[in-house]
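Quick one: the structure is below, questions incoming.
The values are calculated or read from the model by the stated rules, or taken from the named source; none is laboratory data. Everything numeric here is computed off the predicted structure, so don't read it as measured data. Note that we place each Cβ from the backbone using ideal geometry, even for glycine, and neighbour counts take in every protein chain shown. Please note that ligands, DNA and RNA were not included when accessible areas were found on the heavy atoms of the full protein model with its side chains. Shrake-Rupley method; radii C 1.70, N 1.55, O 1.52, S 1.80 Å.
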Amino acid sequence: MTLEYRRPTGQGPSWAKAGDVDPARQAKDVGHHLTFIASHCRLTKWEMRSNIGWLDVDETAQLRFPAKGLTDRAFNCVLSFVKPPFVRLHRESQK
């Protein structure tokens with residue numbers, strides 16, 4: 001599974017509508033917010049990557065964690081942070 005957080009920092013992103021409120025606007029950066037979620041929800045295994053420092057693109061980070069072994073409590077906790085269009089949860093196919 002991948003939890004993705006995008007912050008509208010690029011050149012006028014069309015996906016960020018007026019009235020949408022960034023749920024983590026006080027976070028230092030997108031990676032900091034996802035690290036908080038992983039810790040708060042007590043994910044046992046996870047990895048993160050981001051494009052922090054790139055110019056002219058939306059600041060984006062992805063927190064990847066396996067669905068196998070994920071407790072209902074941890075999944076519900078992660079799900080509580082999903083706030084489209086900023087924070088989305090993607091399920092990857094299992095091969």
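Can you give me the number of residues within segment 65-87 that are under 20 Å from residue 23 (Cα atoms), open to solvent by 70 Å² or more (accessible area, probe 1.4 Å), of a type outside the set (A, V, I, L, M) and modelled with pLDDT of 95 or more?
Of the residues in segment 65-87, 1 are under 20 Å from residue 23 (Cα atoms), open to solvent by 70 Å² or more (accessible area, probe 1.4 Å), of a type outside the set (A, V, I, L, M) and modelled with pLDDT of 95 or more.
Sticking with this structure for a sec: Take the conditions modelled with pLDDT of 85 or more and open to solvent by 100 Å² or more (accessible area, probe 1.4 Å) and apply them to residue 91. Does it pass?
In short, yes.
So the check is Cβ under 8 Å with 6+ separation or different chains; which pairs have a first residue in segment 76-95 that's within 10 Å of residue 3 (Cα to Cα) and without any contact (Cβ under 8 Å) to a residue 40 or more places away in the chain and a second one that's open to solvent by less than 60 Å² (accessible area, probe 1.4 Å) and of a type outside the set (Val, Ile, Thr)?
79/89
Against the condition farther than 19 Å from residue 7 by Cβ, within 16 Å of the chain's Cα centre (by Cα) and in contact (Cβ under 8 Å) with a residue 12 or more places away in the chain, how does residue 70 come out, does it pass? Steps first, please.
Numbers: farther than 19 Å from residue 7 by Cβ: yes; within 16 Å of the chain's Cα centre (by Cα): no; in contact (Cβ under 8 Å) with a residue 12 or more places away in the chain: yes.
For residue 70, the condition - farther than 19 Å from residue 7 by Cβ, within 16 Å of the chain's Cα centre (by Cα) and in contact (Cβ under 8 Å) with a residue 12 or more places away in the chain - is not met.
Next question, about the same structure. Name the single residue, out of those in segment 34-49 being open to solvent by 20 Å² or more (accessible area, probe 1.4 Å) and within 10 Å of the chain's Cα centre (by Cα), that is farthest from residue 72 (Cα to Cα).
48
Looking at this structure, is residue 44 in a loop (DSSP other than H, G, I, E, B), modelled with pLDDT of 90 or more, touching a Leu at 6+ places or on another chain (Cβ under 9 Å) and of a type in the set (S, T, N, Q)?
Spelling it out, residue 44 is indeed in a loop (DSSP other than H, G, I, E, B), modelled with pLDDT of 90 or more, touching a Leu at 6+ places or on another chain (Cβ under 9 Å) and of a type in the set (S, T, N, Q).
Something else about it: Testing residue 52 on (1) at pLDDT below 85; (2) of a type outside the set (Gly, Ala, Ser); (3) touching a Ser or Thr at 6+ places or on another chain (Cβ under 7 Å), one condition comes back false. Which one is that?
(3)
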